[in-house]
1. What pairs come out if I take residues in region 9-32 that are in contact (Cβ under 8 Å) with a residue 12 or more places away in the chain and pair them with residues that are charged (D, E, K, R) and part of a strand (DSSP E or B) whose C-beta lies under 6 Å away, six or more apart or interchain?
2. Hand me the list of strands (runs of 3 or more DSSP E) wholly inside region 34-78 holding 1 or more residues that are small (Gly, Ala, Ser) and in contact (Cβ under 8 Å) with a residue 12 or more places away in the chain.
3. Filter region 79-92 down to the residues that are in contact (Cβ under 8 Å) with a residue 12 or more places away in the chain and aliphatic (A, V, I, L, M), then identify the one that is surrounded by the fewest Cβ atoms within 10 Å (Cβ to Cβ).
4. Go through region 93-113 and give me each residue that's part of a helix (DSSP H, G or I), touching a residue at least 40 places away in the same chain (Cβ under 8 Å), more than 16 Å from the ligand (Cβ to nearest atom) and out of contact with any Asp or Glu (no Cβ under 9 Å at 6 or more places or on another chain).
5. Which of the residues spanning region 132-151 are over 17 Å from the mean Cα position of the chain (by Cα) and either in contact (Cβ under 8 Å) with a residue 12 or more places away in the chain or assigned to a loop (DSSP other than H, G, I, E, B) (or both)?
Amino acid sequence: MPKHTFKLNGEQVTVEVPGEVRLLWVLRDVLGVRGPKYGCGIGVCQACTCHINGKAFNPCSVPISEIGPDDEITTIEGLPATVGKDLHPMQQAWLDRDVAQCGYCQPGQIMTAVATVRKVREEGREIGDEDLDKIRNVCRCGTYQRIREAIRAGAD
Ligand code: FES
C-alpha cells in the first residue's frame, strides 16, 4: 500500500491508502478529522471545504496521490484562534450572529469565508458584495443572509 505524507493542521501525517482514495475520506475515515463534511462528494456543495496552502478547495474531489509532502492542509479544527480565545474571529462572528440552523454546512462555510477574506486582503481590498456573491457553499436551511453578515463581521 502506498504511503502519503502531508501537513495537516500544522503536523506532519502519513497514511497508507490507495492513491485513488480522495482526501475527504482520508481526513474523515482514516485520520478521524470530522470537521470537513460529506455532502455531494463531487465538488458541488462545498460542505467539505478545507484549505490547501491557504486556499479553499474541496477534498472530496482530490485523490490523495495528488497531495504532496509540502502541502499544508487546514481543516476547521486547525483554524488559528484569536490570542487568548478558543476560536478564530470568523468562528466567533458565526456564534455571535447565531448563523447555524442545522449546522451541517457551517464548517465548510467558515473555511470558505476565511479563505475569501484572506484573498481580498491580499488584493489590498475589503470584502464586498461581489466577493460574497461568488461564494457557492450550499446551505439547505437557507441561512445565507446571516452567513453574509457573519463574514463581514469576521473580516473586521
Ligand atoms: Fe465536497 Fe460536496 S462534499 S463539494
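1. Going by the 6 Å Cβ cut-off, the qualifying pairs are Glu16/Lys3.
2. Correct list: 55-57.
3. Ranking the qualifying residues of region 79-92, first place goes to Leu79.
4. Hits for region 93-113 are Trp94, Asp96.
5. The answer is Arg140, Cys141, Gly142, Thr143, Arg146, Glu149.
We did not get these values from a lab; they are worked out from the coordinates using the rules stated. Small disclaimer: the values here were computed from a predicted structure and weren't measured. We place every Cβ from the backbone using ideal geometry, glycine too, and count neighbours over all the protein chains shown.
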